[in-house]
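Down below is the structure, laid out as structure tokens.
The values are calculated or read from the model by the stated rules, or taken from the named source; none is laboratory data. Just so it is clear, the structure is predicted and the values come from calculations on it, not from any experiment. Positions of Cβ are generated from backbone atoms using ideal geometry, with glycine treated the same way; all protein chains shown enter the neighbour counts.
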Amino acid sequence: MKLIKKNIINGTWKFKPKITLGQLAQFAEELTKDELYEKLYIRQTAKNPTAYGISFIYRSNHSDKEWKEVFDEYIHTTSDKIRRQFGNDLIGWDLSSCMFIIK
């Protein structure tokens, strides 16, 4: 099997249960204006059925050399937007800067 490395940012921004599905959907709609989002969806993030997060795949055509800067800028810019919108109700994230595509 040949693994193909892709410089893609993927992950989930996780929120406190008091943030509603509607609030997240409205915020995610704003994110879709950036055409580099390949996938963007809301999913449950905990055993609590009202705890949601915004999950995504964000692509870019930068070289490995430039990629760390792209990743750092994405995290800084997006987390700043999220914190301005939701304050301390952002409770965590799980982000990665590369994927190995199987299928």
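Cβ-Cβ distances below 6 Å connect the following pairs, each with a first residue in the stretch 76-103 that is in a strand (DSSP E or B), a second residue that is of a type in the set (Ser, Thr, Tyr), and a separation of six or more residues or different chains: 94/12. Scanning the stretch 1-17 for residues that are at pLDDT 95 or above and either surrounded by fewer than 17 Cβ atoms within 10 Å (Cβ to Cβ) or in a loop (DSSP other than H, G, I, E, B) (or both) turns up 16, 17. Within the stretch 58-90, restricting attention to residues that are touching a helix residue (DSSP H, G or I) at 6+ places or on another chain (Cβ under 6 Å) and over 14 Å from residue 19 (Cβ atoms), the residue that is surrounded by the fewest Cβ atoms within 10 Å (Cβ to Cβ) is 62.
So in the stretch 47-62, with the set limited to residues that are touching a residue at least 12 places away in the same chain (Cβ under 8 Å) and in a loop (DSSP other than H, G, I, E, B), which one is farthest from the chain's Cα centre (by Cα)? In this case the residue turns out to be 48. Among the residues of the stretch 18-46, those identified as assigned to a loop (DSSP other than H, G, I, E, B) and either in contact with a Pro (Cβ under 6 Å, 6 or more places away or on another chain) or basic (Lys, Arg) (or both) are 18, 33. Taking first residues from the stretch 15-36 that are touching a residue at least 60 places away in the same chain (Cβ under 8 Å) and partners that are assigned to a loop (DSSP other than H, G, I, E, B) and surrounded by 14 or more Cβ atoms within 10 Å (Cβ to Cβ), the Cβ contacts under 9 Å between residues at least 6 apart in sequence or on separate chains come to 15/45; 15/51; 16/51; 19/51.
So in the stretch 91-103, with the set limited to residues that are aliphatic (A, V, I, L, M) and farther than 18 Å from residue 16 by Cα, which one is surrounded by the most Cβ atoms within 10 Å (Cβ to Cβ)? Filtering first and then ranking leaves 99. Checking 39, 68 one by one, the residue that is of a type in the set (D, E, K, R), under 24 Å from residue 7 (Cα atoms) and free of Cβ contacts under 8 Å to residues at least 24 places away in the same chain is 39 and no other. Checked against the criteria, residue 55 does not count as at pLDDT below 95, surrounded by 15 or more Cβ atoms within 10 Å (Cβ to Cβ) and of a type in the set (S, T, N, Q). Only a single criterion out of (1) closer than 18 Å to residue 6 by Cα; (2) exposed (fewer than 11 other Cβ atoms within 10 Å of the Cβ); (3) among the polar types (S, T, N, Q) is not satisfied by residue 48, namely (1).
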